[in-house]
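One structure is given here, and the rest of the page talks about it.
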Ligand SMILES: Cc1cc2nc3c(=O)[nH]c(=O)nc-3n(C[C@H](O)[C@H](O)[C@H](O)COP(=O)(O)OP(=O)(O)OC[C@H]3O[C@@H](n4cnc5c(N)ncnc54)[C@H](O)[C@@H]3O)c2cc1C
Ligand code: FES
């Protein structure tokens, strides 16, 4: 459960945060680190104030916005260790649920550079973390986050690399990173041609409805197209080509459910569209090759001296969790590298590529790797 705190008076919080960064740098020096036990200092700082840390980004929830019946935005004030984000990046959010540490990643929906950051969560039926955040996270709670990460981004505002014509295409909760991109472009007074197409079931499901209205009012040249499946029928790539006839000329950023993503990628291939297409998935590829369950294999963690037995049919991360272990993780689909570790020995299958490898001491990602023999991991 997150901590609930009484806000620290502004002058004290400011003092604490401005001190944190240089002190953290000094304490991370190997010579100093060998004398001072960092974790003891961390514990004392956290007792003093939950936002204070020398190593971790912590952020206090300052506002919760009900975007739709199933979606909430959590607005956060991060501590001084927050290093900022590019439009489109995500953070790992850590939660303690039933005594176990779990992490999921959420795209930032706030404008990069804003004093406060925000992420927006859609409740997933049966989902562990999305439901926990919806039901328990409230104003005053403090969360631990990672720094921003991910390569689904717009070129930096300062780089002069923004294309003259862009298409931002999203569906459902895939709007979250795209919202950060729109906010970023608007804040830069971007003068190029932006078409933003968003698909959802009905007006009641439209996330950021008020913010979009506001954005459109302040940015008259933005071409904003909302497609509601319930009244306008299922969105297809024909719909897309009809709505955006100059698709071939637009650098495109895409985020949505797997069906839409696959169809748009297929369109790019079939029509040999040369304009760049960047996309981000929130869920694993649907076409993961299935590894046939085989003889039970032993997975051994050398450092922690833990282990478990698996049939080798699913990702090692899931198998380890089912065995009661809690390996570090984030996105669970192979992009954040939080679960990366060295496989000292054994044969594994990369579930995204189907590649089977027995090389010793290779880096693997537990969330997309299945064991095909006894495996030893440097964990
Ligand atoms: C780069 C990236 C950015 C993301 N950004 C956002 C964002 O901005 N907003 C957002 O809402 N989400 C985002 N996500 C998705 C988010 O990380 C979580 O995956 C999502 O919130 C679901 O997590 P959960 O813990 O609620 O569900 P989980 O517990 O992980 O379950 C996921 C789904 O699987 C089903 N499920 C769980 N266990 C089982 C089982 N044993 N058998 C069958 N089905 C099962 C659940 O019903 C649920 O529908 C992002 C993901 C990625 C990779
Ligand atoms: S959890 Fe993100 S790469 Fe495995």
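Read-outs throughout are calculated quantities, based only on the coordinates presented, and are distinct from any laboratory measurement. No experiment lies behind these values; they were computed from the predicted model shown. With ideal geometry, Cβ positions are generated from the backbone for all residues, glycine too; neighbour counts draw on all protein chains shown.
If we sort 368-377, 115-124 on the protection proxy, mean other Cβ atoms within 10 Å, highest first, what's the order?
Working: 368-377: 22.3, 115-124: 19.6.
Highest mean packing first, the order is 368-377, 115-124.
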Three-way shape label, segment 157-280, alpha-carbon gyration tensor, a/c 1.5
oblate
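What is the extension gain from residue 357 to residue 269, computed as 0.36 nm multiplied by their sequence separation minus the C-alpha to C-alpha distance, in nm to one decimal? Mind showing how you got there, number by number?
On the way: separation 88, 0.36 × 88 = 31.68 nm, distance 2.99 nm.
28.7 nm is the gain from fully extending residue 357 to residue 269.
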Round to the nearest 0.05 the FRET efficiency obtained for residue 131 and residue 44 when R0 = 56 Å and r is the Cβ-Cβ distance.
0.95
Value of relative contact order over segment 227-379, rounded to a whole percent, pairs C-alpha under 8 Å and six or more apart
21 percent
Of the beta bridges DSSP finds with both residues in the chain, what % are antiparallel, to the nearest 5?
65 percent
Points 7 angstrom from Cα along the Cβ direction at residue 241 and residue 187: gap in nanometres?
3.8 nm
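What number, in percent, do you get for the relative contact order of the chain if the mean sequence gap of Cα pairs under 8 Å and at least 6 apart is divided by its residue count? Mind dumping the intermediate values first?
Numbers: 737 pairs, mean separation 47.3, N = 379.
RCO, the chain: 12 percent.
Please say if the chain is rounded, prolate or oblate, where rounded means a/c under 1.5 for a ≥ b ≥ c the square roots of the C-alpha gyration tensor eigenvalues, and otherwise the choice is prolate for a/b larger than b/c and oblate otherwise? Numbers along the way, then the final one.
Values: a/c = 1.84, a/b = 1.16, b/c = 1.58.
Here the chain falls in the oblate category.
Rank by packing, highest mean first: peptides 313-321, 83-91, 355-363, with packing defined as the count of other Cβ atoms within 10 Å averaged across residues. Show your work: numbers first, answer last.
Values: 313-321: 20.2, 83-91: 21.8, 355-363: 11.4.
Averaged packing, sorted descending, gives the order 83-91, 313-321, 355-363.
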Helix-derived [θ] at 222 nm for the chain: sum -39500 (n - 2.57) over DSSP H runs of at least 4, divide by residue count, nearest 500?
-7500 deg cm²/dmol
Return a whole-number percent for the relative contact order of segment 157-280, with Cα pairs under 8 Å and 6 or more residues apart as the contact set.
31 percent
With just the Cα atoms defining each centre, how far is segment 196-266 from segment 322-344? Give it in Å.
33 Å
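Can you sort 349, 249 by how many other beta carbons sit within 10 Å, fewest first? Please report the intermediate quantities before stating the final value.
On the way: 349 19, 249 16.
Fewest to most other Cβ atoms nearby, the residues stand as 249, 349.
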